[in-house]
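Engineer: First the structure, which I've put down as structure tokens, then a few questions once you've had a look.
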Amino acid sequence: MVLPAQSAALLAAAVAIAAAAFLLPPSSRLSWTPRGRFADMILANATIYTADPARPFAGAMAVRAGRVLRVGAYESVKELKGRHTHELNLSGNVVLPGFIDSHVHFIDGGLQIARVPLRGVRSKDDFISRVKEATRDKHPGQWILGGGWNNDVWGGDFPAAAWLDDISPDNPVWLSRMDGHMGIANSLAMKIAGIDKTTNDPIGGTIMRTAEGVSIHERREALLRASRHALMRGVTTVVDVGSYFPGASAEKTWQDFSDVYEWAHSMQKMLIRVCLFFPMPTWARVSDLISENGRSFSQWIHLGGVKAFLDGSLGSSSALFHEPYEGDPGNYGLQVTDMDSLLNRTLESDKSGLQVAIHAIGDKANDMLLDMVDKVVDLNGVKDRRFRIEHAQHLAPGAANRFGKQGIIASVQPDHLLDDADFAAKKIGFDRAQRSSYKFRSLLAGGAQLAFGSDWPVSDINPLQAIQTAISRKPPGWEVPWIPAERLSLDESLKAHTISAAYACFLDHAVGSLSQGKYADFVVLPSTSWDAFASDLPAHVLATYVSGKLAYP
């Protein structure tokens, strides 16, 4: 990649100072007392967007021991420059707080990078060709895994095992749909899973048997691969909601915690900060873990809470709606969890001090959750619980205002609308899609906190694109916005990927803004003024810093 001379100079200077800027040791906690008189590093001549309402913009920033020491005008910062302080002159380049991705399946995303890429496939022939290519370097018996396909882009017909059997007779194949709620297996994979024509569907869904056999080594490599990918996109903190789906074992998420995250922590291999959510059926285990270790293992690993599901997805026609799907009058979607069970587990989790996050996409599922939160507040009392609804994609009239009344977090994924804009009307009708879909502006107006995420690997981690999507709401090829009344401003969108996202996972005391005492997590962009940035959002970051240390490139 060829960079402009100024950008190349920036990166060269960044590399030069990287040795002096250092990370806090993994055992350190979130409390911080500044020591010494001088800064380790000073950013000068910068355009710093802080995401801190007390000082929205600044021209300089001092960093010491991985934390923000001072933010302001250069005149107020230069007194912290000592003999060993490294000063980085940014020549006006825009600096933002490190992005926070509020909803990822992080290890799955890292695994997916090395698997069959099917996102964007637009025909049966292309689908088969990509799988055939993947079989060439596989030994008999090795699994072929991948995902990202979207049957809507080739007309709606689902892929079939017959597409795969001739090209992979000796290799079991499992390829998940882009939303993760459906998948296609070849006949060999179904035989291994014990599935045949007489096998009954599980309650609350269709058969979904993922392949075992991914080694600990592969999962650990996936974490490192995922971390490097996130840093390349300017993401310094993620909320990992794990690998748990209805009908799947909750143990996989716990194995990822013990085999992968605890390993990376003990070996000092953590590259970005993670906030972990665990399957709600294991809430007591999470509560015990927090009682033993506290909410933060270190600056790297934060124990967030528990996650559950109420419905499926729009693309698989399993999101739960008040009205049926178009052309399918008996299908209102799927309720995948019994409400009495969900309420009881939520009450117990909430009493134990755990943050609760629940997946809801359809308008009925969201209404059911909003009603349930009212019951939880009545029974457990008012407190700062920051209840999260993951996705909140389709809302009935009046629902957006109910988020604000109970302080509910709307954990939303802007880039999902790039796919849904073309197909929502086919699924639920034009009028319903127009009045219910991705109501970001309505949620903010109703007092909700918005937290942006990607749902990676369903959509790629790409905060700059997500921010652009929230502002423009223009899918590729569209000349006009989809539901323009729900567009957000640049400032609102930036906050949803920084300070509001930090608030949404109880980490706003440590990250999310460039404020004194917080970790010095920030990104440098190629834009050389705020006006240039605001008028033409860049597609990439130049550099990503974590705790004041260069982490990318």
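The values are calculated or read from the model by the stated rules, or taken from the named source; none is laboratory data. Just so you know, these numbers come straight off a predicted model, no measurement behind them. Methodologically, a virtual Cβ is constructed for each residue, glycine included, from the backbone with ideal geometry; neighbour enumeration extends over all protein chains shown. Ligands, DNA and RNA are excluded from the accessible area calculation, which covers all protein heavy atoms including side chains. Shrake-Rupley method; radii C 1.70, N 1.55, O 1.52, S 1.80 Å.
Engineer: Consider Asn366 carefully, then state whether it is within 23 Å of the chain's Cα centre (by Cα) and polar (S, T, N, Q).
Structural biologist: Working: within 23 Å of the chain's Cα centre (by Cα): yes; polar (S, T, N, Q): yes.
Spelling it out, Asn366 is indeed within 23 Å of the chain's Cα centre (by Cα) and polar (S, T, N, Q).
Engineer: Of a type in the set (D, E, K, R), part of a helix (DSSP H, G or I), more than 26 Å from Ser215 (Cα to Cα) and modelled with pLDDT of 95 or more - does that describe any residue in region 61-77?
Structural biologist: Initial filter on region 61-77 (of a type in the set (D, E, K, R)): 64, 67, 70, 75.
Applying the additional criterion that residues be part of a helix (DSSP H, G or I) yields 75.
Retained after the next criterion (residues that are more than 26 Å from Ser215 (Cα to Cα)): 75.
Imposing the further condition that a residue be modelled with pLDDT of 95 or more reduces the set to 75.
Within region 61-77 (the criterion being of a type in the set (D, E, K, R), part of a helix (DSSP H, G or I), more than 26 Å from Ser215 (Cα to Cα) and modelled with pLDDT of 95 or more), the answer is yes, since at least one residue qualifies.
Engineer: Okay, moving on. Among the helices (runs of 4 or more DSSP H) contained in region 456-504, which hold 2 or more residues that are acidic (Asp, Glu)?
Structural biologist: Values: elements: 463-472, 490-496, 499-503.
Because the criterion is at least 2 residues that are acidic (Asp, Glu), the helices (runs of 4 or more DSSP H) in region 456-504 that meet it are 490-496.
Engineer: Taking only region 359-401 into account, find how many residues are free of Cβ contacts under 8 Å to residues at least 12 places away in the same chain and either among the hydrophobic types (A, V, I, L, M, F, W, C) or in a helix (DSSP H, G or I) (or both). Break it down stepwise before answering.
Structural biologist: Step one: filter region 359-401 for residues free of Cβ contacts under 8 Å to residues at least 12 places away in the same chain, giving 371, 378, 381-383, 398.
Applying the additional criterion that residues be either among the hydrophobic types (A, V, I, L, M, F, W, C) or in a helix (DSSP H, G or I) (or both) yields 371, 378, 382.
So the count comes out to 3.
Engineer: OK, next. If Gln112 passes every condition in (1) surrounded by 23 or more Cβ atoms within 10 Å (Cβ to Cβ); (2) assigned to a strand (DSSP E or B) but one, which one does it miss?
Structural biologist: With (1) surrounded by 23 or more Cβ atoms within 10 Å (Cβ to Cβ); (2) assigned to a strand (DSSP E or B) applied to Gln112, the lone miss is (2).
Engineer: Also, quick follow-up: Do you know which residues across region 329-345 are over 12 Å from Met372 (Cβ atoms) and either touching a strand residue (DSSP E or B) at 6+ places or on another chain (Cβ under 7 Å) or loosely packed, with under 11 Cβ neighbours inside 10 Å (or both)?
Structural biologist: Of everything in region 329-345, those that are over 12 Å from Met372 (Cβ atoms) and either touching a strand residue (DSSP E or B) at 6+ places or on another chain (Cβ under 7 Å) or loosely packed, with under 11 Cβ neighbours inside 10 Å (or both) turn out to be Pro329, Gly330, Asn331, Val336.
Engineer: Right, another one. Which residues, taken from region 291-311, are modelled with pLDDT of 95 or more, assigned to a loop (DSSP other than H, G, I, E, B) and more than 15 Å from Val239 (Cα to Cα)?
Structural biologist: Selection gives Leu310, Asp311.
So that you can scan it fast, the table gives a plain yes or no per residue for (1) under 25 Å from Gly242 (Cα atoms); (2) over 20 Å from the mean Cα position of the chain (by Cα):
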position	(1), (2)
Asp338	yes, yes
Gly381	no, yes
Arg385	yes, yes
Arg388	yes, no
Asn401	no, yes
Asp420	yes, no
Lys439	no, no
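Engineer: Counting just the residues of region 421-448 that are more than 25 Å from Ile408 (Cα to Cα), in contact (Cβ under 8 Å) with a residue 60 or more places away in the chain and among the charged types (D, E, K, R), which one comes out least open to solvent (accessible area, probe 1.4 Å)?
Structural biologist: Among those that are more than 25 Å from Ile408 (Cα to Cα), in contact (Cβ under 8 Å) with a residue 60 or more places away in the chain and among the charged types (D, E, K, R), it is Lys427.
Engineer: Still on this structure, please answer the following. If I ask for residues that are open to solvent by less than 30 Å² (accessible area, probe 1.4 Å) and in contact with a Leu (Cβ under 7 Å, 6 or more places away or on another chain), which ones from region 514-538 would you list?
Structural biologist: Answer for region 514-538, where residues must be open to solvent by less than 30 Å² (accessible area, probe 1.4 Å) and in contact with a Leu (Cβ under 7 Å, 6 or more places away or on another chain): Phe522, Val523, Val524, Leu525, Phe533, Leu537, Pro538.
Engineer: Determine, yes or no, whether Met178 is closer than 22 Å to Ala421 by Cβ, in contact with a Gly (Cβ under 6 Å, 6 or more places away or on another chain) and in contact (Cβ under 8 Å) with a residue 60 or more places away in the chain. Don't jump to the end; show me each part of the working.
Structural biologist: Numbers: closer than 22 Å to Ala421 by Cβ: yes; in contact with a Gly (Cβ under 6 Å, 6 or more places away or on another chain): yes; in contact (Cβ under 8 Å) with a residue 60 or more places away in the chain: yes.
Yes: the conditions hold for Met178.
Engineer: Moving to a separate point now. Looking only at region 337-353, count every residue that is out of contact with any Ser or Thr (no Cβ under 6 Å at 6 or more places or on another chain), part of a loop (DSSP other than H, G, I, E, B) and in contact (Cβ under 8 Å) with a residue 24 or more places away in the chain and tell me the total. Walk me through how you get there before you give the answer.
Structural biologist: The initial filter retains those residues of region 337-353 that are out of contact with any Ser or Thr (no Cβ under 6 Å at 6 or more places or on another chain), namely 337-351, 353.
The next check asks that each one be part of a loop (DSSP other than H, G, I, E, B); those that pass are 337-338, 353.
Of the ones still in play, those that are also in contact (Cβ under 8 Å) with a residue 24 or more places away in the chain are 337, 353.
So the answer is 2.
Engineer: Criterion first (more than 19 Å from Leu369 (Cβ to Cβ) and surrounded by fewer than 24 Cβ atoms within 10 Å (Cβ to Cβ)) does Ser454 satisfy it? Break it down stepwise before answering.
Structural biologist: Working: more than 19 Å from Leu369 (Cβ to Cβ): yes; surrounded by fewer than 24 Cβ atoms within 10 Å (Cβ to Cβ): no.
So Ser454 does not fit the description; no.
Engineer: Does Leu514 satisfy being within 21 Å of Ala448 (Cβ to Cβ) and of a type outside the set (D, E, K, R)?
Structural biologist: On the way: within 21 Å of Ala448 (Cβ to Cβ): no; of a type outside the set (D, E, K, R): yes.
Spelling it out, it is not the case that Leu514 is within 21 Å of Ala448 (Cβ to Cβ) and of a type outside the set (D, E, K, R).
Engineer: Within the set of pairs 6+ apart or on separate chains, which have a first residue in region 72-93 that is surrounded by 12 or more Cβ atoms within 10 Å (Cβ to Cβ), a second that is part of a loop (DSSP other than H, G, I, E, B) and β-branched (Val, Ile, Thr), and C-beta atoms under 6 Å apart?
Structural biologist: These pairs meet every condition: Gly92/Thr528; Asn93/Thr528.
Engineer: When the residues of region 470-507 are narrowed to those that are touching a residue at least 40 places away in the same chain (Cβ under 8 Å) and under 14 Å from Asp422 (Cβ atoms), which ends up surrounded by the fewest Cβ atoms within 10 Å (Cβ to Cβ)?
Structural biologist: Pro476
Engineer: For region 253-270, what are the residues that are surrounded by fewer than 20 Cβ atoms within 10 Å (Cβ to Cβ) and either of a type outside the set (Phe, Trp, Tyr) or outside any helix (DSSP H, G or I) (or both)?
Structural biologist: Gln255, Ser258, Asp259, Glu262, His265, Ser266, Met267, Gln268, Lys269
Engineer: Note down all Cβ pairs under 9 Å where the first residue falls in region 531-546 and is in a loop (DSSP other than H, G, I, E, B), the second is among the small types (Gly, Ala, Ser) and open to solvent by less than 20 Å² (accessible area, probe 1.4 Å), and they're at least six residues apart or on different chains.
Structural biologist: Within 9 Å, the pairs are Asp536/Ser527; Leu537/Ser527; Pro538/Ser527; His540/Gly234; Val541/Gly234; Leu542/Ser7; Leu542/Ala14.
Engineer: Looking only at region 118-149, which residues are touching a strand residue (DSSP E or B) at 6+ places or on another chain (Cβ under 7 Å), part of a loop (DSSP other than H, G, I, E, B) and open to solvent by less than 50 Å² (accessible area, probe 1.4 Å)?
Structural biologist: Leu118, Val121
Engineer: It is to be established whether one or more residues within region 203-217 are part of a helix (DSSP H, G or I), open to solvent by less than 10 Å² (accessible area, probe 1.4 Å) and at pLDDT 75 or above. Can you show your working first?
Structural biologist: So the first thing to find is which residues in region 203-217 are part of a helix (DSSP H, G or I), and the list is 216-217.
Those left that are additionally open to solvent by less than 10 Å² (accessible area, probe 1.4 Å): none.
No, because not a single residue in region 203-217 is part of a helix (DSSP H, G or I), open to solvent by less than 10 Å² (accessible area, probe 1.4 Å) and at pLDDT 75 or above.
Engineer: Name every residue in region 318-328 that is open to solvent by less than 40 Å² (accessible area, probe 1.4 Å) and either outside any loop (DSSP other than H, G, I, E, B) or not aromatic (Phe, Trp, Tyr) (or both), in order of residue number.
Structural biologist: Let us first name the residues in region 318-328 that are open to solvent by less than 40 Å² (accessible area, probe 1.4 Å), namely 318-321, 324-325.
Those that are open to solvent by less than 40 Å² (accessible area, probe 1.4 Å) and either outside any loop (DSSP other than H, G, I, E, B) or not aromatic (Phe, Trp, Tyr) (or both): Ser318, Ala319, Leu320, Pro324, Tyr325.
Engineer: Could you tell me whether region 439-451 includes any residue that is within 19 Å of His105 (Cα to Cα) and of a type in the set (Gly, Ala, Ser)?
Structural biologist: yes
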